[in-house]
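Data first, discussion second: the structure below is written as structure tokens.
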Amino acid sequence: MARGKYGIVILAAGNSSRLGEPKQLLQFNGQSLIRHISGAALEIVGHNAIVVTGANSELVEKELADLPCRRIFNAAWQEGMSASIKTGIHALQSQHPHVKGAILAVSDQPFVSAEVFNALIDTFEETAKGIVASKYGDSLGTPAFFAASYFPALLQLTGAEGAKKLFKRYSDNVSAYAFPQGSVDIDTQEDYKRLISGE
């Protein structure tokens, strides 16, 4: 169900310092986290799936070598999340200047799926809100959809800032999509152990 008017940017440039190994390559349900989320993105937006690499880029590239997603290296990955967001949005705009919007996703949320991506786009089309954020617990987070009108704001983020800053700034134009399993992400070995043990 390719939706060619949209893009998905997967932010996979971090060095997983708290984990001690590249989290993108952790195995869950028979495949790596980065391969799982890249496959889900390809299912929804086809060639408009972009993976932003940084630390461990060679390993991530090798893991995705046979998938048709576009892989873009963020040379400034050490500057934090904002640099990866900018790298991905620039790549998407150059490839598809008339794109209507994009989902920003991270590689360490193992329960993100093609269905979640699809639901975010559906929510945008149904509500006409420019931002659709995933809601889990008491917070809004990734994956999150941004209409193209918000690309300039994303490109102005700096340092470690992620897109969450825009949820507050444009709160009157944010819709929430309930995704309880979005609260599961992998930052430490303990997180990973909990995931694979099913706790």
- Task: Over the chain, calculate the relative contact order: mean separation of alpha carbon pairs under 8 Å at least 6 apart, over the residue count, as a percent.
- Result: 24 percent
- Give or take rounding to whole Å, what are the principal axis extents of the alpha carbon atoms in segment 13-122, in descending order? 39, 32, 24
- Item | Qualifying trypsin sites (Lys or Arg not before Pro) in segment 17-48, DSSP loop, other Cβ atoms within 10 Å at most 13 | R18
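Can you give the extra length, in nm with one decimal, that the chain gains between Y170 and E21 once fully stretched, where that is 0.36 nm per residue apart less the Cα-Cα distance?
Contour length minus Cα-Cα distance gives 50.1 nm.
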- Message: Suppose only helical runs count, i.e. DSSP H with n ≥ 4. What mean residue ellipticity at 222 nm does that imply for the chain under -39500 (n - 2.57) per run, divided by all residues and rounded to the nearest 500 deg cm²/dmol?
- Response: -10000 deg cm²/dmol
- Query: Leaving out same-chain residues fewer than 8 places away, which lysines sit with a Cα under 23 Å from that of K165?
  - Reply: K86, K100, K129, K135
- What residues of segment 87-130 lie in the reach of a label at S149, counting those whose backbone N is under 18 Å from a point 7 Å from the Cα along Cα→Cβ? 98-103, 121-130
- Give the calculated FRET efficiency between A178 and E79 to the nearest 0.05, with a Förster radius of 30 Å applied to their Cβ-Cβ distance. 0.40
- Using a simple spin-label model with points 7 Å from Cα along the Cα→Cβ vector, what separation in nm is obtained for K100 and E161? 2.8 nm
- Task: Calculate the spin-label point distance for D187 paired with F28, positioning each point 7 Å from the Cα along the beta-carbon direction, and give it in nanometres.
- Result: 1.5 nm
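Percent antiparallel among DSSP beta bridges with both residues in the chain, to the nearest 5?
Taking every DSSP beta bridge with both residues in the chain, the antiparallel ones total about 35 percent.
FYI, it's all coordinate maths here, none of it is from the lab. Predicted model, so just to flag it, every value in this text is computed and none were measured. Please note: Cβ atoms are built from the backbone with ideal geometry, for glycine as well, and neighbour counts cover all protein chains shown.
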